[in-house]
Amino acid sequence: PHLAALVLARGGSKGIPLKNIKLLAGVPLIGWVLRAAIDAGVFHSIWVSTDHDEIEKVAKQFGAQVHRRSPEVSQDSSTSLEAITEFLNHHHEVDIVGNIQATSPCLHPSDLIKVADLIQKEGFDSVFSVVRRHQFRWSEVKKGENKMTEPQNLNPAKRYRRQDWPGELYENGSFYFAKRHLIEKGYLQGGKMAYYEMRAEHSVDIDIDIDWPIAEQRVLSFGYFGKEPLKEVKLLVCSIDGCLTNGRIYVTEDHKEMVSYDYRDIVGIDLLKKRGIQVRLISDRDCSKTLSAMQLGCVAKVSVTNKLQVLKDWQEDMGLSWKEVAYLGNEESDVECLKQAGMSGVPADACAAAQKAAGYICKSRGGCGAVREFAEHIFLLLEKVNSARKQ
């Protein structure tokens with residue numbers, strides 16, 4: 001049977017505009033679940049259903065096919081079931097739909113593999129995700145009603161200790177898998193049903209803006225970063241023009257060049273050095289006088305015609321694997337380096353080709369704190385590496 005992953009990503013969001021492609025820990029929100037779906041290796045096709053050009057562009061960057069949904073199922077009042085049904089009407093080859101929510105960035109391929117087995121090998125018609133919670137419920141008393149609240153799942157005289165109570169299962173909205181015949185009858189859950197219990201730390205759902213900084217910390221700690229295990233970064237190579245500086249060159253009347261930089265980026269470089277990470281600089285043009293004036297104390301290579309070759313030479317000289325190399329670039333000349341490095345980033349104003357190749361897109365522009373921000377991102381991932389070693 002043809003199992004298709006389907007992510008619904010409407011352009012109109014009342015809570016957070018274009019939430020589905022807003023950057024979360026440097027990656028568009030939808031990118032986290034698409035990465036997990038692709039690496040799971042269980043889907044015959046992976047789709048994003050959208051009505052928005054920018055979402056379509058991001059979806060294709062992450063390797064998904066795009067179904068352009070109609071205006072009729074793109075309204076605020078439109079349901080997921082309506083959008084899924086429309087998708088099936090256009091794709092008769094699909095037998096099973098795995099509807100994955102874009103707002104669940106801590107989804108892992110291992111979860112999707114196990115759910116696919118429940119559907120394809122154990123014969124379930126529908127499987128949905130749940131999370132276990134230890135929360136005591138009480139009946140609601142509406143304003144003006146003359147009555148008392150009542151306990152719903154506890155005896156107040158004998159309250160459970162958390163370790164003595166298994167808790168309850170709640171839908172977490174991460175995914176809903178269902179066979180075509182159920183969906184055509186108007187159900188996402190039905191027939192022979194099963195739930196799949198996700199780990200609590202992987203159960204992250206972004207609904208309101210206040211969740212965003214919390215979700216970024218959660219995804220950095222518990223998110224899925226790819227098939228290869230993370231390694232400790234030992235070298236950061238940074239493009240000078242457009243990353244360390246804002247790319248502007250000021251020329252005085254006596255033909256001297258001047259550039260500006262952000263002191264926060266200098267602090268970021270110093271912090272990286274203190275953590276034992278080498279920082280090296282690279283540039284297409286001859287900016288040796290500028291570097292000398294900045295007094296950064298970093299190895300630098302200027303007037304470079306092949307940045308990737310220089311990066312390879314440095315990597316080999318230091319005896320590093322590519323997973324131990326980070327690269328911050330912003331131009332088309334940086335694209336191959338961004339693809340090769342184990343960790344890659346670009347400033348917010350980098351060119352489109354560089355943004356597509358990067359694993360992290362900074363909120364800061366070049367010359368305005370992007371180096372410091374990328375350094376902080378490296379530090380957070382180093383914490384993840386250290387946490388994995390302890391486990």
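The values are calculated or read from the model by the stated rules, or taken from the named source; none is laboratory data. Source: prediction; values computed, not measured. For neighbour counting, all protein chains shown are included, and Cβ atoms are generated from backbone atoms with ideal geometry for every residue, glycine included. Please note that ligands, DNA and RNA were not included when accessible areas were found on the heavy atoms of the full protein model with its side chains. Shrake-Rupley method; radii C 1.70, N 1.55, O 1.52, S 1.80 Å.
Could you figure out which of (1) within 22 Å of Q217 (Cα to Cα); (2) crowded, with 23+ Cβ neighbours inside 10 Å; (3) modelled with pLDDT under 95 isn't true of G369?
G369 satisfies all of (1) within 22 Å of Q217 (Cα to Cα); (2) crowded, with 23+ Cβ neighbours inside 10 Å; (3) modelled with pLDDT under 95 except (2).
Determine whether A300 is of a type in the set (A, V, I, L, M, F, W, C) and over 20 Å from L382 (Cα atoms).
yes
In the range 123-133, how many are in a loop (DSSP other than H, G, I, E, B), touching a strand residue (DSSP E or B) at 6+ places or on another chain (Cβ under 8 Å) and not aromatic (F, W, Y)?
1
Need the failing condition index for V33 against (1) hydrophobic (A, V, I, L, M, F, W, C); (2) under 18 Å from the mean Cα position of the chain (by Cα); (3) farther than 19 Å from W212 by Cβ, just the number.
Unmet condition: (3).
Every residue, every condition in (1) more than 25 Å from the chain's Cα centre (by Cα); (2) not aliphatic (A, V, I, L, M), yes or no:
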| residue | (1), (2) |
| --- | --- |
| R199 | no, yes |
| S203 | no, yes |
| I206 | no, no |
| R248 | yes, yes |
| T252 | yes, yes |
| K256 | yes, yes |
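Just for strands (runs of 3 or more DSSP E) wholly inside the range 44-109: which have at least 3 residues that are among the aliphatic types (A, V, I, L, M) and either surrounded by fewer than 16 Cβ atoms within 10 Å (Cβ to Cβ) or modelled with pLDDT of 95 or more (or both)?
The strands (runs of 3 or more DSSP E) meeting that bar are 96-100.
Give all pairs with beta carbons closer than 7 Å in which a residue from the range 361-377 that is of a type in the set (F, W, Y) meets a residue that is crowded, with 22+ Cβ neighbours inside 10 Å; count only pairs at least 6 apart in sequence or on separate chains.
F374/L328; F374/G345; F374/C362
Residues to consider are L182, L154; find the one that is of a type in the set (A, V, I, L, M), assigned to a loop (DSSP other than H, G, I, E, B) and in the same structural domain as I84 (by the TED database).
Step by step, each of L182, L154 is checked, and only L154 is of a type in the set (A, V, I, L, M), assigned to a loop (DSSP other than H, G, I, E, B) and in the same structural domain as I84 (by the TED database).
Evaluate the range 111-122: report whether one residue or more is in the same structural domain as I21 (by the TED database), open to solvent by less than 60 Å² (accessible area, probe 1.4 Å) and assigned to a loop (DSSP other than H, G, I, E, B).
No, that holds for no residue.
Tell me whether the range 165-182 contains one or more residues that are out of contact with any strand residue (DSSP E or B) (no Cβ under 8 Å at 6 or more places or on another chain), surrounded by 10 or more Cβ atoms within 10 Å (Cβ to Cβ) and over 28 Å from I16 (Cα atoms).
Within the range 165-182, one or more residues are out of contact with any strand residue (DSSP E or B) (no Cβ under 8 Å at 6 or more places or on another chain), surrounded by 10 or more Cβ atoms within 10 Å (Cβ to Cβ) and over 28 Å from I16 (Cα atoms).
Does Q152 meet the test of being open to solvent by 40 Å² or more (accessible area, probe 1.4 Å), in contact with a strand residue (DSSP E or B) (Cβ under 9 Å, 6 or more places away or on another chain), of a type in the set (S, T, N, Q) and under 30 Å from I30 (Cβ atoms)?
When the stated conditions are applied, Q152 does not pass them.
Scan the range 205-222 and tell me whether some residue there is small (G, A, S), open to solvent by less than 90 Å² (accessible area, probe 1.4 Å), in contact with a helix residue (DSSP H, G or I) (Cβ under 8 Å, 6 or more places away or on another chain) and within 30 Å of I378 (Cβ to Cβ).
yes
With the requirement that a residue be under 14 Å from L6 (Cβ atoms), of a type in the set (A, V, I, L, M) and under 24 Å from the mean Cα position of the chain (by Cα), what does the range 56-82 give you?
Of everything in the range 56-82, those that are under 14 Å from L6 (Cβ atoms), of a type in the set (A, V, I, L, M) and under 24 Å from the mean Cα position of the chain (by Cα) turn out to be A59, A64, V66.
Tell me yes or no: at least one residue of the range 308-321 is farther than 16 Å from V237 by Cβ and surrounded by 15 or more Cβ atoms within 10 Å (Cβ to Cβ).
Within the range 308-321, not a single residue is farther than 16 Å from V237 by Cβ and surrounded by 15 or more Cβ atoms within 10 Å (Cβ to Cβ).
Right, A353: in a loop (DSSP other than H, G, I, E, B), in the same structural domain as E376 (by the TED database) and open to solvent by 20 Å² or more (accessible area, probe 1.4 Å) or not?
Criteria not met by A353.
Within the range 318-339, does at least one residue satisfy the condition of being on the phi > 0 side of the Ramachandran plot and either without any contact (Cβ under 8 Å) to a residue 12 or more places away in the chain or part of a helix (DSSP H, G or I) (or both)?
yes
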